[in-house]
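The values are calculated or read from the model by the stated rules, or taken from the named source; none is laboratory data. All figures in this text were calculated on a predicted structure; none of them were measured in a lab. Using ideal geometry, Cβ is built from the backbone for each residue, glycine included, and neighbour counts are taken over all protein chains shown. Each accessible area value is taken on the protein alone, full model and side chains, heavy atoms only, with ligands, DNA and RNA left out. Shrake-Rupley method; radii C 1.70, N 1.55, O 1.52, S 1.80 Å.
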Amino acid sequence: MGVAYIKRSKTGRINIKIGNKVDYTLKAIIWFLGIVTVAAFLVFDYTGFHLTSALKETVANLQTMFLTPALTHFSWSEAFYQVGVTLALAVLSTVIGAVIAFFLALLSAENLSNQAVAKVIKTYVAFIRAVPTVLWVLIFAIAAGLGSTAAVLGMLFHSVAYLVKAFSESFEEVDKGVLEALRSTGAGWWQTVVHAVLPSTMTYLLSWTFLRFEINFSVAVAMGAAAGAGGIGFELFMASGFYFDLREVGFITYCILLVAIILEVASTQLKKRYFPSQQ
């Protein structure tokens with residue numbers, strides 16, 4: 001909703017400016033955060049801090065890390081195995097989460113389900129999404145203990161909530177005319193889903209699932225150390241926090257980056273091959 005601002009200039013001319021409340025609110029928030037940030041830097045205790053030496057040491061560490069990567073405390077075969085463990089955690093939580101989320105999303109899409117049921121499901125998944133994945137992992141760790149089980153359950157829980165929102169929004173964007181045409185021919189609910197909803201949204205479901213898989217891979221790396229789930233994340237924690245081996249940290253970082261690039265390329269190629277008309 002716009003707001004009109006009337007201002008009379010020195011020459012007597014009246015200037016009218018139309019503003020938006022949302023725009024002005026966002027600008028006010030940005031200015032406030034900027035002022036708080038500057039104030040925080042001004043009140044920091046810089047005792048013993050030497051910018052020049054700090055920059056030199058940081059550059060030297062980065063050079064050691066990324067220009068001379070090497071394995072010291074485990075072999076190449078172990079490195080590939082640990083990457084496989086991390087990928088397995090991500091695959092398991094994503095595949096099971098996508099299947100559960102698909103059916104819940106059908107029930108939470110307002111054009112396919114009862115309005116009350118849809119609102120209840122959306123409210124619950126919004127609450128689950130509001131809690132970070134790592135907290136869900138730690139919550140499940142209380143019952144299951146630290147390890148891969150707690151990591152998968154926590155990642156699965158958050159994946160379902162994330163994908164329910166993504167899938168249901170894709171379902172709600174299906175052309176209403178197509179749905180009404182099928183229903184007018186006597187098609188049932190499931191027939192409408194199979195013949196109208198799925199063909200129209202399959203590429204979006206695939207995209208969202210792969211995106212969540214990439215997120216889960218990153219989370220699995222972190223959970224390898226935080227939840228004792230193993231994998232390359234645990235090796236990264238040991239190299240950085242226990243052995244203080246910067247060269248090994250660099251090698252592991254390159255491994256993680258390589259897997260992330262492969263996942264992105266695979267996602268793009270799958271969409272091009274199986275859904276070329278929807279690119």
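Which residue is nearest to Arg247 (Cα to Cα), if the candidates are limited to segment 30-79 and must be touching a residue at least 12 places away in the same chain (Cβ under 8 Å) and of a type in the set (Gly, Ala, Ser)?
Checking each candidate, the answer is Ala70.
Within segment 199-233, work out how many residues are over 25 Å from Leu104 (Cα atoms) and among the β-branched types (Val, Ile, Thr).
Count: 2.
Among the residues that make up segment 168-177, is at least one of them of a type in the set (A, V, I, L, M), over 16 Å from Ala98 (Cα atoms), open to solvent by less than 50 Å² (accessible area, probe 1.4 Å) and modelled with pLDDT of 85 or more? Break it down stepwise before answering.
Taking segment 168-177 first, the residues of a type in the set (A, V, I, L, M) are 174.
Filter again for over 16 Å from Ala98 (Cα atoms), leaving 174.
Narrowing the set further to residues that are open to solvent by less than 50 Å² (accessible area, probe 1.4 Å) leaves 174.
From what's left, modelled with pLDDT of 85 or more: none.
No - not one qualifying residue is present in segment 168-177.
Collect the residues in segment 74-83 that are surrounded by fewer than 20 Cβ atoms within 10 Å (Cβ to Cβ) and in a helix (DSSP H, G or I), keeping them in residue-number order. Reasoning before the result, please.
Taking segment 74-83 and keeping what is surrounded by fewer than 20 Cβ atoms within 10 Å (Cβ to Cβ), we get 74-81.
If the condition is that a residue be surrounded by fewer than 20 Cβ atoms within 10 Å (Cβ to Cβ) and in a helix (DSSP H, G or I), then Trp76, Ser77, Glu78, Ala79, Phe80, Tyr81 are the ones that fit.
What about Gln63, is it buried (at least 17 other Cβ atoms within 10 Å of the Cβ) and either outside any helix (DSSP H, G or I) or not small (Gly, Ala, Ser) (or both)? Spell out the reasoning first.
Details: buried (at least 17 other Cβ atoms within 10 Å of the Cβ): no; either outside any helix (DSSP H, G or I) or not small (Gly, Ala, Ser) (or both): yes.
It is false that Gln63 is buried (at least 17 other Cβ atoms within 10 Å of the Cβ) and either outside any helix (DSSP H, G or I) or not small (Gly, Ala, Ser) (or both).
Applying the selection to segment 140-149, what residues are open to solvent by 50 Å² or more (accessible area, probe 1.4 Å), of a type outside the set (A, V, I, L, M) and within 15 Å of Gly233 (Cβ to Cβ)?
Ser148
Does Val137 satisfy being in contact with a helix residue (DSSP H, G or I) (Cβ under 6 Å, 6 or more places away or on another chain), within 21 Å of Ser218 (Cα to Cα) and either open to solvent by 40 Å² or more (accessible area, probe 1.4 Å) or in contact (Cβ under 8 Å) with a residue 60 or more places away in the chain (or both)? Give the steps one after another, and end with the answer.
Values: in contact with a helix residue (DSSP H, G or I) (Cβ under 6 Å, 6 or more places away or on another chain): yes; within 21 Å of Ser218 (Cα to Cα): yes; either open to solvent by 40 Å² or more (accessible area, probe 1.4 Å) or in contact (Cβ under 8 Å) with a residue 60 or more places away in the chain (or both): yes.
Taking the combined requirement at face value, the residue satisfies it.
Being within 30 Å of Ala141 (Cα to Cα), outside any helix (DSSP H, G or I), open to solvent by 40 Å² or more (accessible area, probe 1.4 Å) and in contact with a helix residue (DSSP H, G or I) (Cβ under 9 Å, 6 or more places away or on another chain) is the requirement here; does Gly228 meet it?
Numbers: within 30 Å of Ala141 (Cα to Cα): yes; outside any helix (DSSP H, G or I): yes; open to solvent by 40 Å² or more (accessible area, probe 1.4 Å): yes; in contact with a helix residue (DSSP H, G or I) (Cβ under 9 Å, 6 or more places away or on another chain): yes.
The answer is yes for Gly228.
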